[in-house]
Amino acid sequence: MKKIAVLTDFSERAYHAAEYALLLAARLQANVLLYNSFLVPSAEPLAGQIVWPMEDYDEIKNGCEADLEKLKARLEGKLADQTNGFRPKIECRAHDAQFDLTADEFLRDRDLLLFVLGNHQKGFSGLILGNHTREVLNRSALPVLVVPEKAVFEPLHKIAFATDLGQSDLQVVQSLTGLARPFNAEILLTHLCESTPENSRAVQDFLHEVTNKVNYPHIYYRHLEEKHLREGLHHMAETVKADLVVMVHRHKDFLERLFSRSHSLDLAEHTELPLLIFPSPAKFFPVI
């Protein structure tokens, strides 16, 4: 059975993302996995200098599991008035490790479609708590749906995919058809580049590949000309009037990470639209 995993820290921001995921799962006829990754004192840098009693681990784990059950009950209350349609089953899982240490555990489950999380808190407190969005995007081998705190779930009418026309983006488009089909939504391919003969040929070649290899009737293309990519992405998110923006998160080498930042991370932090981010390279593309 298809599943959507919700990564939660039990904040209201995370609950909002979980509620969005639940309503999306109902439309996709998928179940929901609530997941919390907690750290025990022995995992902390100075833990080797201190003797921690085993009771600490049990207390932390039991508290985490209790919080997951409370979150599950709160979400199930949202389904109480639903008399028809698919009702997702909700599963809870707590793990005593950081997210990146357990990613392989998720990848063994080929029914898992994507991860969902709320965007991290901005400002000084967000800096102190750490940017969980950045950590998950850099470690995930599955698509990640970032849900802003002001985003309200609505049936999808338009999905905007900011593509750079790479060959792997064809697989992203194919995956998106499974997300669009239950809503009969449009998939709008957008490409930010200057109008040159070389770019025009690349666009035509890519669209020809899409036509031949992707079986979905509502795929359209829109060219956006913007000198600066960062501004262009924000302009796209604001003007195409999409319900969901899609990007590919390209991993960078050390020097690139040092002197620049990911465009997908930047957009995830500032957009008010739900943002679905595919990893690159990807081990496999889930059939959403």
Screening 92, 64 for residues that are assigned to a strand (DSSP E or B), over 26 Å from residue 175 (Cβ atoms) and either modelled with pLDDT of 90 or more or of a type outside the set (Phe, Trp, Tyr) (or both) leaves only 92
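Which count do you get for residues in region 154-187 that are more than 14 Å from residue 276 (Cα to Cα) and at pLDDT 90 or above?
Of the residues in that region, 12 qualify.
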Restricting region 73-85 to residues that are in a loop (DSSP other than H, G, I, E, B) and either loosely packed, with under 13 Cβ neighbours inside 10 Å or touching a Phe, Trp or Tyr at 6+ places or on another chain (Cβ under 9 Å) (or both), the one modelled with the highest pLDDT turns out to be 85
Flagged pairs (Cβ under 6 angstrom, 6 or more apart or on separate chains; first in region 46-67, over 18 Å from residue 92 (Cβ atoms) and of a type in the set (Val, Ile, Thr); second surrounded by fewer than 10 Cβ atoms within 10 Å (Cβ to Cβ) and at pLDDT 80 or above) are none
Discussion item. Looking at the structure I just gave you, is residue 205 over 16 Å from the mean Cα position of the chain (by Cα) and either at pLDDT 90 or above or of a type in the set (A, V, I, L, M, F, W, C) (or both)?
Written reply: yes
Within region 163-191, the residues that are of a type in the set (Asp, Glu) and either surrounded by 22 or more Cβ atoms within 10 Å (Cβ to Cβ) or assigned to a strand (DSSP E or B) (or both) are 169, 186
Residues in region 192-201: is at least one surrounded by 17 or more Cβ atoms within 10 Å (Cβ to Cβ) and either touching a residue at least 60 places away in the same chain (Cβ under 8 Å) or outside any helix (DSSP H, G or I) (or both)? yes
Across region 1-31, the tally of residues that are in contact with a helix residue (DSSP H, G or I) (Cβ under 6 Å, 6 or more places away or on another chain) and basic (Lys, Arg) stands at 1
In region 132-162, anything part of a loop (DSSP other than H, G, I, E, B) and among the aliphatic types (A, V, I, L, M) is listed as 141, 142, 151, 152, 156
Taking region 210-249 and keeping only residues that are modelled with pLDDT under 70, loosely packed, with under 15 Cβ neighbours inside 10 Å and touching a Ser or Thr at 6+ places or on another chain (Cβ under 9 Å), one is left with 225, 238
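The values are calculated or read from the model by the stated rules, or taken from the named source; none is laboratory data. Nothing here was measured: the structure is a model prediction, and the numbers come from that model. Cβ sites come from the backbone with ideal geometry, for glycine too, and all protein chains shown count toward neighbours.
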